[in-house]
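The values are calculated or read from the model by the stated rules, or taken from the named source; none is laboratory data. Source: prediction; values computed, not measured. Neighbour counts are summed over all protein chains in view; Cβ atoms, including those assigned to glycine, are modelled from backbone coordinates with ideal geometry. What goes into the accessible areas is simple: the full protein's heavy atoms, side chains included, and nothing from ligands, DNA or RNA. Shrake-Rupley method; radii C 1.70, N 1.55, O 1.52, S 1.80 Å.
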Amino acid sequence: MKNNILILCLLALIATLTSCEENYTPRPRGYFRIDFPEKTYDVYTTRCPLTTEIPVYSKVEILDAGNDTCWFNIVMPRYNARLYCTYLTVDQDIHLMIDDAYKFAFKHEMKAEAIARTELHVDSTRVHGMVYDLQGDVASPVQFYVTDSTNHFLRGSLYFDHAPNADSLAPVVDFIRRDITHMMETVKWQ
């Protein structure tokens with residue numbers, strides 16, 4: 001009788017252990033929610049011969065301002081983002097300058113999953129340009145240039161102060177991309 005109870009307990013224990021099957025489903029990695037401010041802009045007059053509207057949550061660092069060239073950064077500290085801008089006067093063939101902008105964007109081709117190009121034309125202010133959207137884990141997800149084709153040329157590249165991760169940066173890149181488009185559309189040459 002003792003043996004029967006011991007055998008029944010042992011069988012119950014074995015049945016319990018083998019019948020408990022846990023279905024484990026891995027969950028996708030989550031990221032922190034990012035709250036974005038309302039889109040508001042201030043007119044920024046650079047030392048370069050242009051004005052544009054930049055977001056109020058950014059600040060400008062002037063690196064160098066000369067007669068023919070000008071370098072400045074638009075820093076967005078909340079997002080660890082920096083838009084490197086270079087202004088050049090068109091004293092050479094404009095096609096070479098556009099080709100350089102193209103080459104800078106396509107240097108990231110090895111890491112990019114895709115590169116989309118969007119043209120921009122604002123005839124009233126003589127602003128024409130191109131935006132390069134680089135998808136994937138690239139160092140610079142957005143690059144652009146604007147020009148009047150005769151005197152002025154402005155090129156910019158967006159970089160983040162950390163390793164690229166396209167999944168976690170996607171909402172921030174989309175948010176800043178709209179700011180870049182607004183900045184390009186509001187450029188006025190001096």
Of the candidates Pro37, Pro28, Pro77, the one satisfying the condition of being farther than 30 Å from Thr150 by Cα, at pLDDT below 90 and under 32 Å from the mean Cα position of the chain (by Cα) is Pro28
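Please note which strands (runs of 3 or more DSSP E) are completely contained in the range 125-171 and include at least 3 residues that are within 21 Å of Ala114 (Cα to Cα) and either of a type in the set (Val, Ile, Thr) or touching a Gly at 6+ places or on another chain (Cβ under 9 Å) (or both).
Output list reads 142-147.
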Given the options Asp148, Asp167, name the one that is charged (D, E, K, R), in contact (Cβ under 8 Å) with a residue 12 or more places away in the chain and either touching a helix residue (DSSP H, G or I) at 6+ places or on another chain (Cβ under 9 Å) or at positive phi (or both).
Asp148
Could you tell me whether Lys39 is open to solvent by 60 Å² or more (accessible area, probe 1.4 Å), of a type in the set (Lys, Arg), touching a Lys or Arg at 6+ places or on another chain (Cβ under 8 Å) and closer than 29 Å to Pro171 by Cβ?
yes
If you go through the range 113-122 one residue at a time, do you hit one that is touching a residue at least 24 places away in the same chain (Cβ under 8 Å), part of a strand (DSSP E or B) and under 30 Å from Asp35 (Cβ atoms)?
yes
